[in-house]
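The values are calculated or read from the model by the stated rules, or taken from the named source; none is laboratory data. All of these numbers come straight from a predicted model, not from anything done at the bench. In this analysis, Cβ positions are derived from the backbone assuming ideal geometry, glycine residues included, and neighbour counts consider all displayed protein chains.
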Amino acid sequence: MEKAGAEAGAGAPEGVRVPSVKLKRHFERGHYDAETRNAILDESLVGHLAVVLDGFPVVVPTTYARVGETLYLHGSSKNRALRAAAGKPACFEVTILDGLVYAASAFNHSMNYRSVVVYATCESVTDETEKSSALSAIVDRFEDGRSTKLRPDTPDELRQTMVIKLPLDHASSKVRSGPPGDDLDDLADGTFVGVVPLQTFAGEQLAAPRSRADAVILPGRLRLG
């Protein structure tokens, strides 16, 4: 039986123990189904890749795209963190903040959120067809089908861009929703107790001087402010 804090396999290099995706605290918030995981990944716009660079942990914020059971990340081919991640274990995380939870005690203050943590061994994408498809998928997160409206990537642009991929077979979601979990004795007069919802809104579109087209059609996950 594996130790509670680590698991073997999941594509890890030989001898590497992968952290368990099972939640120990607030285990009731844990979700391990693909539907919940994919919904959060598809709605979030920015994730964070954690790698070890020259023996030191580094976290890099980045855009990404999910294609089936694979996450694709991209950056400069000179990006040291991405280069360090290729072929190595890494952790990728996204969080959507849904609300601030105000309690009657400091201890019970919290936030409503949806998050995903992925443990995987990163793989550099070298196949040009897969690389171009991955980059198109990332661009299409800005607007459905946007990659078909743009000129093709040039060979030089592809050389300057690095793409890595992570399988999603070792991931978990964590969701917190609802009011504060106050003890009955903690209910206080004169202090707000409850939830302040938070949402991401898109502002007015500011067209570049060279733009002659209609406004961009925003993805459904972005609401107009």
Legend entry - Filter result (under 19 Å from L222 (Cβ atoms), outside any strand (DSSP E or B) and touching a residue at least 40 places away in the same chain (Cβ under 8 Å)) within region 91-142: A137, I138, D140, R141, F142
Legend entry - Test: D183 is surrounded by fewer than 15 Cβ atoms within 10 Å (Cβ to Cβ), over 30 Å from V52 (Cβ atoms) and touching a residue at least 12 places away in the same chain (Cβ under 8 Å): yes
Legend entry - Inter-residue pairs, beta-carbon under 8 Å, first over 13 Å from A65 (Cα atoms) and in a helix (DSSP H, G or I) and in region 19-45, second modelled with pLDDT of 90 or more and among the charged types (D, E, K, R), 6+ apart: R29/K174; R29/R176; A34/E69
Inset, instruction - State the number of residues belonging to region 170-207 that are modelled with pLDDT under 90, assigned to a loop (DSSP other than H, G, I, E, B) and either among the acidic types (D, E) or on the phi > 0 side of the Ramachandran plot (or both). - result: 5
Legend entry - Scan of region 107-143 for residues that are farther than 21 Å from E69 by Cβ and under 21 Å from the mean Cα position of the chain (by Cα), ordered by number: S110, M111, N112, Y113, F142, E143
Inset, instruction - Find all pairs meeting these conditions: Cβ atoms under 6 angstrom apart; at least six residues apart or on different chains; first residue within region 198-214 and without any contact (Cβ under 8 Å) to a residue 60 or more places away in the chain; second residue surrounded by 11 or more Cβ atoms within 10 Å (Cβ to Cβ) and not hydroxyl-bearing (S, T, Y). - result: A202/L218; A202/L222
Inset, instruction - Go through (1) at pLDDT 95 or above; (2) buried (at least 19 other Cβ atoms within 10 Å of the Cβ); (3) over 30 Å from G190 (Cα atoms) one by one and return the number of the condition T121 breaks. - result: (1)
Inset, instruction - Take region 154-166 and flag every residue that is surrounded by 18 or more Cβ atoms within 10 Å (Cβ to Cβ) and either under 24 Å from I40 (Cα atoms) or of a type in the set (D, E) (or both). - result: V163, I164, K165, L166
Legend entry - Matching entry among S110, S77, S105 (being surrounded by fewer than 17 Cβ atoms within 10 Å (Cβ to Cβ) and under 30 Å from D189 (Cα atoms)): S105
Inset, instruction - Please verify whether region 17-37 includes one or more residues that are at pLDDT 95 or above and in contact with a helix residue (DSSP H, G or I) (Cβ under 6 Å, 6 or more places away or on another chain). - result: no
